[in-house]
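Engineer: Here it is, the structure, as structure tokens.
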Amino acid sequence: MENILFIAFTEPDGTLHKTALEVAGAACELSQQLGAALTIGLVGADVQPAANLFAASGAKILAVSGADFSQSRYPTDAVAAEALCRAAAPTIVLAPASSRSSRALPGVAFRLNGRVDTHVVAVANQAGALSISRWYYRQRMEAVLTRAERPWFLLLESGCHVPYAEAPGTAALENIAVAVLPQRTTVTGVRAPQSDQQTIRPDAKLLFVAGAGWTKKQPDGQMHVPDAEKLVLGFIRQSGASLGSSKSLVDQSGEGQAVFEFMSHLNQVGQTGATPRHQKGLSTCCHGEEPHVVGWRFVNERRAVNLDPNCGWARGKADVLYVADAFAVMEAVNALLQK
Ligand SMILES: Cc1cc2nc3c(=O)[nH]c(=O)nc-3n(C[C@H](O)[C@H](O)[C@H](O)COP(=O)(O)OP(=O)(O)OC[C@H]3O[C@@H](n4cnc5c(N)ncnc54)[C@H](O)[C@@H]3O)c2cc1C
């Protein structure tokens, strides 16, 4: 028989995030469907407010709490989750796919010789056995699968289940003592880039795509990567456009070629990248191959600049193709914007 453990890390005020309550809802439903015991495992500085949410659940509540567990940090989170697992001896562990549990729980699954699946969107009782639905390949393929190995750790995506919402009360919980070694890592704050340094701007009207052509040899036989960087960043800063990329350009970092420092795989548009929803798009130095252009399906007004009159954009994929040197075009555009 299955034995389910729901694990959640509490918020700074001791309660649970909505995504954790969604997984708690899924855990309760699954335990009823499978006739399995349910244990609730909480980790955080103060977990009593979260425990009280489950006063009416009838589930046993275990906790690892204290100042050591207030911060998201792999060693303390993993040791806490491991202690909960050793105390509850679950066959199935359900947790929200938050950054905190996504970082810690795969390692815990390894320590317990279990298995872990991420990007889970549904758990179901299939003829008395657990089956899950999860995404692969950046949400392009959905699979339904079962596993024989236990414990099976499942990280559920947000928005996939109705949140647990029984009336709160005063819950009794069992504290599990965990010895924590001296920690080398202390979280002192969060540093995020200035908004004008962020190149991905979902709300921008324009998507500006840079392709691998920017880093290739130009008609003079030379590469002009620093000039290209200046032109691309100059346009992004002045226009407020969002920066997209072809796969070839962002993959170059792995191949040790000249790259744009400000570009990452997060900028990639296409079949294996993002499908942004900007009103307009301008593609530069990008060939416009189908696996890239498929990511433009929600961009209605499309223009491209390419030296090659036979590039993919010319074949009905752009409304306007400028057969021109993007270095010259963007220099002129940036000069106009500066005025
Ligand atoms: C399974 C699979 C999934 C894929 N998924 C994606 C994806 O998600 N996103 C994606 O982008 N690709 C994807 N690809 C790759 C895709 O097929 C192309 O290889 C890729 O998009 C090519 O990138 P590019 O156009 O920037 O580079 P290139 O093909 O190298 O094209 C560079 C272009 O720059 C032009 N150029 C050069 N210099 C200038 C200049 N001075 N002025 C104007 N134009 C110039 C050239 O004429 C050329 O057309 C996928 C491929 C496969 C097989």
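Engineer: Taking the number of other C-beta atoms within 10 Å as the exposure measure, put 322, 137 in order starting with the fewest.
Structural biologist: The fewest-first ordering by Cβ neighbours comes to 137, 322.
Engineer: Spelling out what I want: for every residue of the stretch 273-287, take phi, set θ = phi - 60°, compute 6.51 cos²θ - 1.76 cosθ + 1.60 (Karplus), and round to whole Hz; glycine and proline get x.
Structural biologist: Result, rounded to whole Hz: x, 8, 10, x, 10, 8, 5, 10, x, 10, 9, 10, 6, 10, 6.
Engineer: If you don't mind, there's one more thing I want to ask. Can you list the aspartates and glutamates whose alpha carbon sits under 19 Å from that of residue 280, skipping same-chain ones fewer than 8 residues off?
Structural biologist: Partners found: 203, 289, 290, 301, 319.
Engineer: Please list, in chain and number order, the residues 5+ apart from residue 3 or on another chain whose amide H is under 5 Å from its amide H, with Hs placed from the backbone.
Structural biologist: The answer is 91, 92.
Engineer: Sorted from fewest to most neighbouring beta carbons within 10 Å, what does the list 285, 28 look like?
Structural biologist: Taking fewest neighbouring Cβ atoms as first place, the list is 28, 285.
Engineer: Which number comes out as Rg/Rh for the chain once both Rg and the Kirkwood Rh are worked out on C-alpha atoms?
Structural biologist: 1.10
Engineer: Helix 18-34 versus the longest principal axis of the chain: what angle, 0 to 90°, nearest 10, using Cα atoms?
Structural biologist: 50
Engineer: Moving on. What span do the alpha-carbon atoms of the stretch 89-141 cover on each of the three principal axes, reported in whole Å from largest to smallest?
Structural biologist: Result, largest extent first: 29, 28, 16 Å.
Engineer: Where a Cα-Cα gap under 17 Å defines reach, which lysines qualify for residue 60, not counting those fewer than 8 residues away within the same chain?
Structural biologist: none
Engineer: A follow-up question, please. Hey, what angle do you get for helix 225-239 against the long axis of the chain, alpha-carbon based, 0 to 90 degrees rounded to 10?
Structural biologist: Tilt relative to the chain: about 70 degrees.
Engineer: Between rounded, prolate and oblate, where does the stretch 209-339 land on the alpha carbon gyration tensor, with a ≥ b ≥ c its root eigenvalues, rounded for a/c under 1.5, else prolate if a/b exceeds b/c?
Structural biologist: Cα axes put the stretch 209-339 in the rounded bin.
Engineer: So for 232, 47, fewest C-beta neighbours within 10 Å to most, what's the order?
Structural biologist: Ordered from fewest to most neighbouring Cβ atoms within 10 Å, 232, 47 come out as 232, 47.
Engineer: Right, here's the next one. So what are the radius of gyration and Dmax for the Cα set of the stretch 1-149, in Å?
Structural biologist: 14.7, 44
Engineer: Same structure, new question: Compute the long axis of helix 326-338 from its Cα atoms, compare it with the longest principal axis of the Cα atoms of the chain, and write down the angle in degrees, 0 to 90, nearest 10.
Structural biologist: Helix 326-338 and the main axis of the chain meet at about 80 degrees.
Engineer: Set the bar at 22 Å for Cα to Cα. Now go through 205/317; 247/339; 230/339; 216/247 and name every pair that lies beyond it.
Structural biologist: Flagged as over cut-off: 247/339.
Engineer: OK, next. Return the single residue from 298, 54, 153 with maximal mean-square fluctuation; model: Gaussian network over the chain, springs between Cα atoms under 10 Å.
Structural biologist: Looking only at 298, 54, 153, the biggest GNM fluctuation is shown by 298.
Engineer: Could I ask something else about it? Order of 240-248, 159-167 by packing, highest average Cβ count within 10 Å first?
Structural biologist: Output ranking for 240-248, 159-167: 240-248, 159-167.
Engineer: Would you kindly derive the ³J(HN,Hα) couplings of the stretch 73-85 from the backbone phi angles with the Karplus curve 6.51 cos²θ - 1.76 cosθ + 1.60 (θ = phi - 60°), listing them in order in whole Hz, with x for Gly and Pro?
Structural biologist: 7, 3, x, 6, 5, 5, 5, 5, 5, 5, 4, 4, 5
Engineer: Place a point 7 Å from Cα of residue 141 in the direction of its Cβ. Which residues in the stretch 262-306 have their backbone N less than 16 Å from it?
Structural biologist: 271-273
Engineer: Additional query: Between residue 87 and residue 294, take the C-beta separation as r, use R0 = 41 Å, and let me know the FRET efficiency to the nearest 0.05.
Structural biologist: The formula returns an efficiency of 0.25 here.
Engineer: Where the centre of each part is set by its Cα atoms, how far does the stretch 188-246 sit from the stretch 57-130, in angstrom?
Structural biologist: Spelled out, the Cα-based centre of one part sits 39 Å from the other.
Engineer: Using only the alpha carbons of the stretch 138-281, what is the convex hull's orientation-averaged projected area in square nanometres?
Structural biologist: Approximately 17.0 nm², given one-decimal rounding.
Engineer: Rounded to whole Hz and in sequence order, give me ³J(HN,Hα) for the stretch 317-323 from the Karplus expression 6.51 cos²θ - 1.76 cosθ + 1.60, θ = phi - 60°, writing x for Gly and Pro.
Structural biologist: Result, ordered by residue: 9, 10, 6, 9, 10, 8, 7 Hz.
Laboratory data are not the source of any read-out in this text; all were calculated from the coordinates shown. Here the structure is a predicted model, which means the values were calculated and not measured. Heads up, the Cβs are rebuilt from the backbone with ideal geometry, glycines too, and the neighbour counts pull from every protein chain shown.
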